[in-house]
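The block underneath contains the structure these notes are about, expressed in structure tokens.
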Amino acid sequence: MRTNLTAVALAASAGPLLAGQLNLPDPLTTTNGLSVTSAQMWRQTRRPEILELFRTHVYGRAPLGRPTNLKFDVWESAPGVMDGAATRKQVRISYQGPGGEGRINLVLFVPTKGRPAPCFLLICNRGATNLDPTRVVKTEFWPAERLIARGYAAAAFLNADVDPDFPDGFTNGVHGIFDAPGQKRAPDAWGTLAAWAWGASRVMDYLVTDTDIDAERVALIGHSRGGKTALWAGAEDERFAFVVSNDSGCGGAALARRRAPRAETIAAINQRFPHWFCENYHRYNNREDELPVDQHMLAALIAPRLLCIGSASEDWWADPEGEFLAGREASRVYQLLGVEGLKAEEWPPPESPRHDGRIGYHLRSGKHGLTEYDWERYLDFADRHLRRAAHGARNHPTAGSSEQRDNSD
Ligand code: GCU
């Protein structure tokens, strides 16, 4: 089956054919049917249009950006941790709305040498033990010591700080704080993934104020439901210079229209996790072809910034090949913007990362998970594409023209 799907995709790789075979909507044709032929047209017309389509039909619309009363309390700054290699900071990020106060607890390690440092911000969806500030508990889900050793700041927050991960009628977390009480929810009101993405942006609001961090080189990384969130946050918030989707699957990097055998579908995800997406998304249960977007267009919203997609060979539920294809299809937008996206036509074998362009992809042998192997690949990609962008406007969201000048990768 894998071969057949690859063959279908490959036959189609020239562009229109794949769109034909999988019936993918074209990121480079506007809703009115116009071809998007310039970076300016992408920027001014098509990108905002796609963003709106995802807000309306998939993730829902956040009712606010940065709250006016957002506060940062750096309640700990401890130099000399990790045998002198890092400073640990703990920051309480708080905000208030009509429904009360919310808090995100940020754990941050910054390297002692090499500041301001590039940073990886992890959306941690696997509980507090994975972000132990004391480092008594160390897990491969968040290898903070390794990040520091490679010259990156390591930042992490718990998704549950922003919004709990169960269907609660949207009364808890940020929904309860900011949504108008007692009113019927709009069909495009934000779901829980959009709430977590909103939280990642509030952490970014802090990171840009921290002089130990190079705010132009912040990577946002998430695994699985956290990977879906990272992609949406990166689409909504262009301050993230690099987005990492690890095994994000359905509603993340994987193409919904593939309906690959053993892979999660829109109907399956909406049934098990009715709170993740907006109500409108439920209309597409078993009707993927009617969705005006597919997930390659989400990847395209990251352009021309850096994007890494990581998959695992036995992670059928996340449709690893569908994740690859989304990256490949998004590349047309990168090319329009004058840079290379994913430089691979065929789904690569395991342990053969494709890191040449500004969209990186790797397939790891094994099951669903965020492992040491995955992290090392993302760090390699960052070394190659993010670190050398130091002090440049190159990764800056508004830096379209410099992106076009520097076409070296
Ligand atoms: C479930 C869910 C996936 C999700 C995963 C996770 O398997 O169906 O969509 O990615 O949980 O977040 O671990």
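Scanning the chain for long hydrophobic helices, with DSSP H runs required to stretch 18 angstrom or more by C-alpha along their axis and to average at least -1.0 on the Kyte-Doolittle scale, returns 192-207, 320-336. Does region 19-172 come out rounded, prolate or oblate, given a ≥ b ≥ c as the square roots of the eigenvalues of its C-alpha gyration tensor, rounded meaning a/c under 1.5 and, failing that, prolate meaning a/b above b/c? Verdict is prolate for region 19-172.
With all protein chains present and a 1.4 Å probe, how do Thr56, Thr192 order by accessible area, largest first?
In descending accessible area the options line up as Thr56, Thr192.
Note on exposure: Lys113, Lys343 ranked by accessible area (1.4 Å probe, complete protein assembly) read Lys113, Lys343, with the most exposed listed first.
Among the listed pairs Lys228/Lys343; Lys113/Lys367; Lys228/Lys367; Lys71/Lys184; Lys89/Lys367, a Cα-Cα separation exceeding 28 Å is found for Lys113/Lys367; Lys71/Lys184; Lys89/Lys367. Phe141 exposes around 10 Å² of accessible area when a 1.4 Å probe is run over every protein chain in place. Take every DSSP beta bridge whose two residues both sit in the chain; close to 45 percent of them are antiparallel. Between Asn32 and Asn172, the contour length at 0.36 nm per residue exceeds the Cα-Cα span by 46.5 nm. Taking the inverse of the mean 1/r over every pair of distinct Cα atoms in the chain gives a Kirkwood hydrodynamic radius of 21.1 Å. To put it simply, the accessible area of region 108-222 at a 1.4 Å probe is 58 percent carbon and sulfur.
Taking each DSSP H run with n ≥ 4 as -39500 (n - 2.57) and averaging over every residue of the chain yields -8500 deg cm²/dmol at 222 nm. Counting only Cβ charges, +1 for Lys and Arg and -1 for Asp and Glu, the dipole size of region 308-387 around its Cα centre is about 320 debye.
For region 270-372, what class follows from the C-alpha gyration tensor (a ≥ b ≥ c being the square roots of its eigenvalues): rounded when a/c is under 1.5, otherwise prolate if a/b is larger than b/c, else oblate? The shape class here is oblate.
What FRET efficiency would be calculated for the residue pair His282, Lys367, taking the C-beta separation as r and a Förster radius of 22 Å, to the nearest 0.05?
With a Förster radius of 22 Å, E is 0.15.
The accessible area of Phe72, taken with all protein chains in place and a 1.4 Å probe, comes to roughly 60 Å².
The charge dipole of the chain, taken about its Cα centre with unit charges on the Cβ atoms of Lys, Arg (+1), Asp and Glu (-1) only, comes to about 360 debye. Per residue, the chain exposes an accessible area of 37 Å² to a 1.4 Å probe, with every protein chain left in place. Using Cβ point charges alone (K and R +1, D and E -1), the dipole size of region 36-105 about the Cα centre works out to roughly 220 debye. Taking Glu351, Glu329 and ordering them by how much accessible surface each has at a 1.4 Å probe, largest first, produces Glu351, Glu329. By the gyration tensor of its Cα atoms, with a ≥ b ≥ c the square roots of the eigenvalues, what is the shape of region 143-269: rounded for a/c under 1.5, prolate for a/b over b/c, or oblate? The shape class here is oblate.
The values are calculated or read from the model by the stated rules, or taken from the named source; none is laboratory data. These numbers were taken from a predicted model, which means no experiment stands behind them. Note that we place each Cβ from the backbone using ideal geometry, even for glycine, and neighbour counts take in every protein chain shown. The area values use the complete protein model at the heavy-atom level, side chains included, leaving out ligands, DNA and RNA. Shrake-Rupley method; radii C 1.70, N 1.55, O 1.52, S 1.80 Å.
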